[in-house]
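Colleague: I have a structure here, written as structure tokens, and I will follow up with some questions on it.
The values are calculated or read from the model by the stated rules, or taken from the named source; none is laboratory data. Since the model is a prediction, treat every value here as computed from it, not as a measurement. As a convention, Cβ positions derive from the backbone with ideal geometry for all residues, glycine included, and neighbour counts pool all protein chains shown. All accessible areas refer to the heavy atoms of the entire protein, side chains included, with ligands and DNA or RNA removed. Shrake-Rupley method; radii C 1.70, N 1.55, O 1.52, S 1.80 Å.
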Amino acid sequence: MEITYTAKSLFWLERAIIINNVSEKVDKITVESIGNTDMLRITLFLREVTEREEGLGISDDIVDKLISFLSFELKSPLDSVRFNQIKTDNKVEHNISSTMVGRFKVIEPINGSRIEELEKNFKVGSIISNLKIFYNQALKEEEPIGRFVLLYSLMYIVAKNPRKEYVSQFDIDKMIKRFERGVYTAPPPASSGKTCPYETIYTIIRNKIAHTEETEDFIALKSDVLKYLPAFMGVVKKCVESK
């Protein structure tokens, strides 16, 4: 039995991802780009003993986990996931159902060595943490300033310490410096009343967004967000993985 889904992505694959011996019921999974488009084809090859309805339920669960895994690992949202077809005994049923909506374009190639890493690391039994779910949802925010703010909000959760009643921006900056050595820092503005010796560029940008003034250059601010957002996505991902 073969069950196929399609999805939209922000990347294209240089070759298919092939994950073998997935579970007792699933022989393998393939994920491949459809031509030079933003579409992916996800195919699950189920073992012959699997009944049709059981196979559909198993496939839905595994594809949900696979989408979450790929979104987090590649720092890229996958959307417009569609249940495309099921093939049993040489009979094919098309377009059984569909979910979600898509709006993304291809921007990043994924090469062979990265694909090998994905094939090795995907595990059906892995639990997707709430922090990773939050991260994946933040990536779906298309507006860069909105995405930046959501990622910074996630850092408050990541930096929580049971020995402290609250998380400060200084706590967040300390965590950022652990995972991005050499990150740009500067003293906080004197008007802020803060006593910490530095703020990372990400906190500086966050505070410019949150405490805008009439004199703020919004074009320059958005330019900074666009410049530093890719690196910030990377450091937040590392912080989430550390928990």
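Colleague: So, in region 112-124, how many residues would count as being open to solvent by 70 Å² or more (accessible area, probe 1.4 Å) and assigned to a loop (DSSP other than H, G, I, E, B)?
Modeller: Result for region 112-124: 1.
Colleague: For region 190-221: of the residues being basic (Lys, Arg) and either modelled with pLDDT of 90 or more or touching a helix residue (DSSP H, G or I) at 6+ places or on another chain (Cβ under 6 Å) (or both), which is least open to solvent (accessible area, probe 1.4 Å)?
Modeller: Kept after step one, since they are basic (Lys, Arg), are these residues of region 190-221: 194, 206, 208.
Next, only the ones that are either modelled with pLDDT of 90 or more or touching a helix residue (DSSP H, G or I) at 6+ places or on another chain (Cβ under 6 Å) (or both) stay: 206, 208.
Working: Arg206: 62, Lys208: 80 Å².
Of everything passing the filter in region 190-221, Arg206 is least open to solvent (accessible area, probe 1.4 Å).
Colleague: Can I ask one more? Show the residue pairs that are 6+ apart or on different chains and have beta-carbon atoms under 8 Å apart, the first residue being within region 173-190 and among the aromatic types (Phe, Trp, Tyr), the second being open to solvent by less than 70 Å² (accessible area, probe 1.4 Å).
Modeller: If the second residue must be open to solvent by less than 70 Å² (accessible area, probe 1.4 Å), the pairs left are Phe179/Val235; Phe179/Cys239; Phe179/Ser242; Tyr184/Thr200; Tyr184/Ile201.
Colleague: Do you know which residues across region 69-84 are in a helix (DSSP H, G or I) and buried (at least 19 other Cβ atoms within 10 Å of the Cβ)? Working first, answer last.
Modeller: Taking region 69-84 as the starting set, the residues that turn out to be in a helix (DSSP H, G or I) are 69-73.
Of everything in region 69-84, those that are in a helix (DSSP H, G or I) and buried (at least 19 other Cβ atoms within 10 Å of the Cβ) turn out to be Phe69, Leu70, Ser71, Phe72.
Colleague: So which residues in region 110-138 are closer than 23 Å to Ile29 by Cα, of a type in the set (Ser, Thr, Tyr) and under 13 Å from the mean Cα position of the chain (by Cα)?
Modeller: Once the filter is applied, which keeps residues that are closer than 23 Å to Ile29 by Cα, of a type in the set (Ser, Thr, Tyr) and under 13 Å from the mean Cα position of the chain (by Cα), region 110-138 yields only Ser129.
Colleague: Scanning for something farther than 30 Å from Gly234 by Cα, in contact with a helix residue (DSSP H, G or I) (Cβ under 6 Å, 6 or more places away or on another chain) and modelled with pLDDT of 85 or more, does region 4-18 turn up at least one residue? Spell out how you get there, then give the answer.
Modeller: Step one: list which residues in region 4-18 are farther than 30 Å from Gly234 by Cα, which gives 4.
Filter once more, keeping what is in contact with a helix residue (DSSP H, G or I) (Cβ under 6 Å, 6 or more places away or on another chain): none.
No, because not a single residue in region 4-18 is farther than 30 Å from Gly234 by Cα, in contact with a helix residue (DSSP H, G or I) (Cβ under 6 Å, 6 or more places away or on another chain) and modelled with pLDDT of 85 or more.
Colleague: Right, another one. Is there any pair linking a residue in region 146-165 that is under 14 Å from Asn207 (Cα atoms) to one that is surrounded by 18 or more Cβ atoms within 10 Å (Cβ to Cβ) and of a type in the set (Lys, Arg), with Cβ under 6 Å and at least six apart or on different chains, and which?
Modeller: Tyr152/Arg206
Colleague: Going by the structure shown, is Gly55 in a loop (DSSP other than H, G, I, E, B) and either at pLDDT 90 or above or open to solvent by less than 70 Å² (accessible area, probe 1.4 Å) (or both)?
Modeller: Values: in a loop (DSSP other than H, G, I, E, B): no; either at pLDDT 90 or above or open to solvent by less than 70 Å² (accessible area, probe 1.4 Å) (or both): yes.
Answer is no for this residue.
Colleague: How many residues does region 153-163 hold that are open to solvent by less than 60 Å² (accessible area, probe 1.4 Å), out of contact with any Cys (no Cβ under 7 Å at 6 or more places or on another chain) and more than 17 Å from Val225 (Cβ to Cβ)? Can you show your working first?
Modeller: Of all residues in region 153-163, those open to solvent by less than 60 Å² (accessible area, probe 1.4 Å) come to 153-155, 158-159, 161.
Cutting the leftovers down to out of contact with any Cys (no Cβ under 7 Å at 6 or more places or on another chain) gives us 153-154, 159, 161.
Add one more test, that the residue is more than 17 Å from Val225 (Cβ to Cβ), and what stays is 159, 161.
Total meeting the criteria: 2.
To keep it simple, each residue is scored yes or no on (1) closer than 19 Å to Pro77 by Cβ; (2) more than 20 Å from the chain's Cα centre (by Cα); (3) open to solvent by less than 30 Å² (accessible area, probe 1.4 Å).
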site: Lys140; (1), (2), (3): yes, no, no
site: Glu143; (1), (2), (3): yes, no, no
site: Leu151; (1), (2), (3): yes, no, yes
site: Glu165; (1), (2), (3): no, yes, no
site: Tyr184; (1), (2), (3): no, yes, no
site: Pro188; (1), (2), (3): no, yes, yes
